[in-house]
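The values are calculated or read from the model by the stated rules, or taken from the named source; none is laboratory data. The model shown is predicted, which means the values in this text are computed figures rather than measured ones. No Cβ is skipped: glycine too gets one built from the backbone with ideal geometry, and neighbour counts run over all protein chains shown.
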């Protein structure tokens, strides 16, 4: 006999069916009440990322059940988690001040410092860091000829270990051709279309994430130097405004978590300062390597806000502000994060 669900051994099949139907109807009614009070979760806007990657403040329902099988012992527990998460976050947001206070530069710390010793050990050992597999894919992509020009990245730039050293620590950078900043992924795709005469790589594709990780690896240990170009100032200001803007059903801003409450815990996990010096990162939650824009979209979904599309100017402005905010921190790519 199962201990996880009450049995009805002495009832007829017909009665058992009626009881089950009533139970299902009751569950559906309770879900309608929750939806009417708290609102629906925003639909997933982009087919590039699986629905399981849209997270509740960094922990998706899919990942919670995968990591802790006891959560699926009862169907009600699966539905209870997102409800409690939303209610708790709404309560937290209501108590936070309207304007966050920026972290003084001397107090800015890499998210690495808030990780546990086991996760740090994975990042520190290149033979154990799963993000290095993505960087190896990127190394192969660097030398692969493609497009109508039949060129590879290496044909123009030579050995990435020399020519790309420090490049990732300076992106996003201003593009005179577009009169606005572009991130490293956009720079790669511009090279593909302009020089290789090849089609752009898809956002979050194995090829683009791997190539970005390989280039970022060449800057590992170097300080971030973004934001010194005067042409970037208005875009940094736009990114700062987005970072401080309350949004979504929870009416929460990025700054209220990552400036005002870093080091505190949410759902048992420490809240980091939110620095991007490790991207692309291998997130244990994702079980894959991913870009900073993927993480920004996760956070917006956790706030119950509509995420900006991949490559949207708003995402690039946020990237730019975050990199300028992390100025002086050392690059860790490909980092490992919980």
Filter region 286-302 down to residues that are surrounded by fewer than 23 Cβ atoms within 10 Å (Cβ to Cβ) and not in a helix (DSSP H, G or I) and give me whichever is nearest to the chain's Cα centre (by Cα). 286
Which residue, of 278, 309, 274, is surrounded by fewer than 19 Cβ atoms within 10 Å (Cβ to Cβ) and either modelled with pLDDT of 95 or more or assigned to a loop (DSSP other than H, G, I, E, B) (or both)? 309
Quick test of your reading of the structure: residue 227 fulfils all but one of (1) touching a helix residue (DSSP H, G or I) at 6+ places or on another chain (Cβ under 6 Å); (2) modelled with pLDDT of 95 or more; (3) under 23 Å from residue 108 (Cβ atoms). Name the failing condition by number. (2)
Exclusive hit being surrounded by fewer than 20 Cβ atoms within 10 Å (Cβ to Cβ), in a helix (DSSP H, G or I) and at pLDDT 95 or above, set 319, 314: 314
Please enumerate the residues belonging to region 125-144 that are out of contact with any helix residue (DSSP H, G or I) (no Cβ under 6 Å at 6 or more places or on another chain) and assigned to a helix (DSSP H, G or I). 131, 132, 133, 136, 140
Considering only residues that are in contact with a helix residue (DSSP H, G or I) (Cβ under 9 Å, 6 or more places away or on another chain), within 20 Å of residue 237 (Cα to Cα) and part of a loop (DSSP other than H, G, I, E, B), which ones fall in region 322-338? 327, 328
Is there a residue in region 133-155 that is under 24 Å from residue 226 (Cβ atoms), in contact (Cβ under 8 Å) with a residue 60 or more places away in the chain and touching a strand residue (DSSP E or B) at 6+ places or on another chain (Cβ under 8 Å)? yes
Counting only residues that are crowded, with 24+ Cβ neighbours inside 10 Å and either farther than 13 Å from residue 146 by Cβ or modelled with pLDDT under 95 (or both), region 189-218 contains a total of 8
Take region 272-295 and flag every residue that is closer than 15 Å to residue 111 by Cα and free of Cβ contacts under 8 Å to residues at least 24 places away in the same chain. 295
